Amino acid sequence: MNDNVMISVSELQKFFGDIKAVNGISFEVKKGEVFGLLGPNGAGKTTTIKLLLGLLEPNQGDIRIMGLNPETEEVQIKSRVGYVSEEPLIFKSLTPKNLFNFIASIRSLEAEETSKRAQEYLESLGALEYYEQLVATLSHGNKQKIQIISAILHDPDLLIMDEPLAGLDAKSVKVVKEVLDIHIENGGAVLFSTHIMEIAEDLCDRIAIMNRGKLVGIGTMEELRQQADRLGANLEDVFLRLTEQDISVNEIVKKLRKSFNERN
Ligand SMILES: Nc1ncnc2c1ncn2[C@@H]1O[C@H](COP(=O)(O)OP(=O)(O)OP(=O)(O)O)[C@@H](O)[C@H]1O
Ligand SMILES: [Mg+2]
């Protein structure tokens, strides 16, 4: 096993009854890489991420996270991975302070040092004032900041994040980008899903585009442009082409305009 391979997925399948949420995808993420997972709503991104973490069992296929098998070595994987889930925080009746202390204790981190770092992150994300406020009372974006900090407190080797930047304000996005940069500079790797094309184009070394459970494109921006036959295009155009939505968007817009004009 190559030490540089952080995530290896081969012919992965996950079905929910008749729904082929993930239908035979393969890819690798290497050390030092920021890897973006893109796709329309329902494409299978969250299902893929949950499979990587051992939160769902695949119907078929093979997954290795730093050489470990999520189905049998979930605990070892969790100690080396930071995970930001798509769902909001579940520990609503805790304050960030309680939550970070709890994380320090379950991950056997030094309490004082961890609390200092957590507060430093909070401050850099403009949320230190909420340190002792119940998570339930925080705004969506501030809850998201707490989730991100919770995922990085133990200095994981790999970050797996499901739409981590959704709902964050512009300054926080910048700060999180820096945090990811530092993580990568120190030999880490990141896989994250996003719907924000500019962020994917800006942050990712390689991007996988899913559609209806399958990979319809994978590679660097340049490779994706070639796969979409859209040389010089931006990621949005490439994305719409590869997910076969480019024609339908134009048709939808035309139809909406026509029916609006008919009403008025
Ligand atoms: N627990 C479940 N039971 C049944 N179907 C499910 C379940 N989880 C996901 N699905 C279905 O699997 C497909 C993929 O869902 P998934 O949540 O992975 O998509 P996604 O790419 O993350 O979408 P979004 O961009 O909206 O977050 C969808 O058709 C979804 O309805
Ligand atoms: Mg999702």
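Okay, here's what the table says:
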read-out	value
Rounded if a/c under 1.5, otherwise prolate or oblate - the range 1-124, Cα gyration tensor axes	prolate
Dipole magnitude (debye, nearest 20) for the range 5-219, charges at Cβ of Lys, Arg, Asp, Glu	400 debye
Backbone HN-Hα couplings from phi across the range 223-231 [Karplus 6.51/-1.76/1.60, Hz, Gly and Pro as x]	5, 5, 4, 5, 4, 8, 6, 10, 4
Degrees separating the helix 111-124 axis from the principal Cα axis of the chain, which is the longest one	40 degrees
Given charges at Cβ of Lys, Arg, Asp, Glu: the chain dipole, positive-most of Leu68, Met197, Ala43	Ala43
24 Å Cα-Cα threshold exceeded, pairs from Lys20/Lys92; Lys31/Lys116; Lys30/Lys50; Lys30/Lys145; Lys116/Lys143; Lys50/Lys145	Lys20/Lys92; Lys31/Lys116; Lys30/Lys145
Estimated dipole of the range 147-190 in Debye, rounded to 20 [Cβ of Lys and Arg +1, of Asp and Glu -1, Cα centre]	160 debye
Amide H contacts under 5 Å for Lys214, placed H, 5+ residues apart	Asn23
Dipole of the range 5-219 [Lys/Arg +1, Asp/Glu -1 at C-beta], most positive-end residue of Ala111, Gly219, Ala151	Gly219
Over the range 193-261, relative contact order from alpha-carbon pairs under 8 Å, at least 6 apart, %	22 percent
Cβ-derived FRET efficiency at R0 25 Å, Glu86 paired with Gln60, nearest 0.05	0.60
Theoretical ellipticity at 222 nm over the chain - DSSP helices of four or more residues, -39500 (n - 2.57) apiece, nearest 500	-12500 deg cm²/dmol
Overall form of the range 5-219 per C-alpha gyration tensor (a/c, 1.5; a/b vs b/c)	prolate
Highest to lowest packing among 32-40, 245-253, scored as the average C-beta count within 10 Å	32-40, 245-253
0 to 90° range, to nearest 10: angle between helix 170-185 axis and the chain longest Cα axis	80 degrees
Pairwise centroid distance, computed over Cα atoms, of the range 20-76 with the range 145-207, Å	17 Å
Helix 96-106 vs. the chain, principal-axis angle (Cα, 0 to 90°, nearest 10)	80 degrees
Sum of side-chain charges, Glu71 neighbourhood, beta-carbon under 14 Å (Lys, Arg +1; Asp, Glu -1)	0
Fluctuation leader among Lys254, Lys31, Lys214 - the chain, Gaussian network, Cα springs under 10 angstrom	Lys254
Modelled FRET efficiency - R0 35 Å, Glu132 with His195, Cβ distances, 0.05 increments	0.60
Anisotropy class of the range 73-189 from Cα gyration tensor, a/c 1.5 cut	rounded
Rounded to the nearest 20 debye, dipole of the range 222-264 from Cβ charges on Lys, Arg, Asp, Glu	420 debye
Dipole of the range 222-264, positive direction: furthest Cα of Ile247, Ala228, Phe260, with charges on the beta-carbon	Phe260
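Only the coordinates and a few stated rules stand behind these numbers; no lab work does. The structure displayed is predicted, hence computed values, not measured ones. Virtual Cβ from ideal backbone geometry, glycine too; neighbours counted across all protein chains shown.
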